[in-house]
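Taken together, the values in this text are just the output of simple stated rules run on the coordinates, not laboratory data. The structure presented is a predicted model; accordingly, all values stated were derived computationally and were not measured. Glycine gets a Cβ as well: all are built from the backbone with ideal geometry, and neighbour counts include every protein chain shown.
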Amino acid sequence: MVEVYNFLAKLLNFIESSTDSTKSEIVIAEYILRHVHDIPDMSIYELAEACHTSPATITRFCHRFENISFKELKEYARTFIEFNYTEVNYENLESKINLDQLNTYFDELHASLEETRKLLPSRQILDIVKQIHHAKKVSLFGVTFSHLLARNAQFKLIRLGKHAISYSNHENQLTEAELLTSEDLAVVVSFSGETRFITRLVKLLMNKNIDIIAITGDQNSFLAQNANKIIPVSGRTLNNYKSPIVEEMNMLSVINSIYLVYSLFLNNLK
C-alpha cells in the first residue's frame, strides 16, 4: 500500500513542483496520471511518442522519479491499478443503490467520534498545546490522507501565529526531519502508525532526540510506542472501503481540538 501511495504522491509532486507545464517531466507525469491504465502495456517508445519526447527522456524521468527502470515504472502502474480496483469491496455491498447506507455511515461516524472524545486526554491536550507554543518550530508529518490532515493542522497553527511546516513528498519530509533541533517539535499523523515510511521517519526523529507527538488509531503501533506523547483516536473503520472515511474525521477532530485549546490558551495569555 505504501508503494502505491508513494507512486501517486511522487507523480503529483512532479506536477506541483513546477509552474512550467511544458517541461518534459511534467508532461510525462501528467500523461501517466491520465492514462495509468495504459502504461503497463506500453513500450518506452510508445510512451515517448505519446508525450512528444524521446525514450532517453523517459529513462531519465524514471531515474529521477525513483531511480527505477521503465520496466519497474510499468510495474508500479500495474500495482496502482490493482490497488484501485480493490478500493471498494463491492461484493460485500448492496447490489442496488441503498441510501440507507448513509445512515449506517453517520451512525458509525458518531460512534467513533464518541469513542475518540472519551479517549481524548483533555489535560494532556493542554500540555501538548503548551509544548507547541514553546517550540521554535512545529513540523507536521503524514502521508496521503494523513498528509492532508497534517497540512490542515499547519494552516490552523499558522493562523494562530505559530511557525509550522508540512511537506507533501517523502523526500522533503525526511529532509525536514533532518533539520529539526531540540527546540523544535514533530507531530506525526498516522492512523496505523506502522507504514514503512512512518517507521523510517520515526527512527530518524528518535536518532535526533526530537520530541514526537503522535496522532494515531493504534496505541500499540511503532509510532505510538516511540512517541513522547500520544493522542489516540477511535480504531473504528469501514472495512469495505480503503479510503479512511471514518478514520480521517476522528483525526481531524483531534486537530480541531488542539486548535480550540490553543486559541483559548493564547487568549488567556493576553
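Listed values, structure above:
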{"read-out": "Ranked list, fewest to most other Cβ atoms within 10 Å of each Cβ, for PHE141, PHE65, PHE106", "value": "PHE106, PHE65, PHE141"}
{"read-out": "Sorted by Cβ density within 10 Å, fewest first, the residues SER190, SER17", "value": "SER17, SER190"}
{"read-out": "Candidates VAL27, VAL129, VAL246: whichever shows maximal mean-square fluctuation once the chain is modelled as a Gaussian network with Cα springs under 10 Å", "value": "VAL27"}
{"read-out": "Cβ charges +1 (Lys, Arg) and -1 (Asp, Glu), total dipole of the chain, debye", "value": "1220"}
{"read-out": "Sorted by Cβ density within 10 Å, fewest first, the residues MET206, MET42, MET251", "value": "MET206, MET42, MET251"}
{"read-out": "Of all DSSP beta bridges in the chain, antiparallel share, percent nearest 5", "value": "5"}
{"read-out": "FRET efficiency for GLU16 and GLN131, using Cβ-Cβ distance with R0 set to 30 Å, rounded to 0.05", "value": "0.45"}
{"read-out": "Nearest-ten-degree value, helix 170-179 long axis tilted from longest Cα axis of the chain", "value": "40"}
{"read-out": "Given the chain, longest segment not containing exposed loop GluC sites (Glu not before Pro) (DSSP; at most 13 other Cβ within 10 Å)", "value": "95-182"}
{"read-out": "Under 26 Å from LYS136, Cα to Cα: lysines that are on another chain or at least 8 residues apart", "value": "LYS156, LYS162, LYS203, LYS208, LYS229, LYS270"}
{"read-out": "Most fluctuating residue given options THR237, THR53, THR104, as computed from a GNM of the chain linking Cα atoms under 10 Å", "value": "THR104"}
{"read-out": "Gaussian network model of the chain, springs between alpha carbon atoms under 10 Å - residue of LYS23, LYS229, LYS242 with greatest fluctuation", "value": "LYS23"}
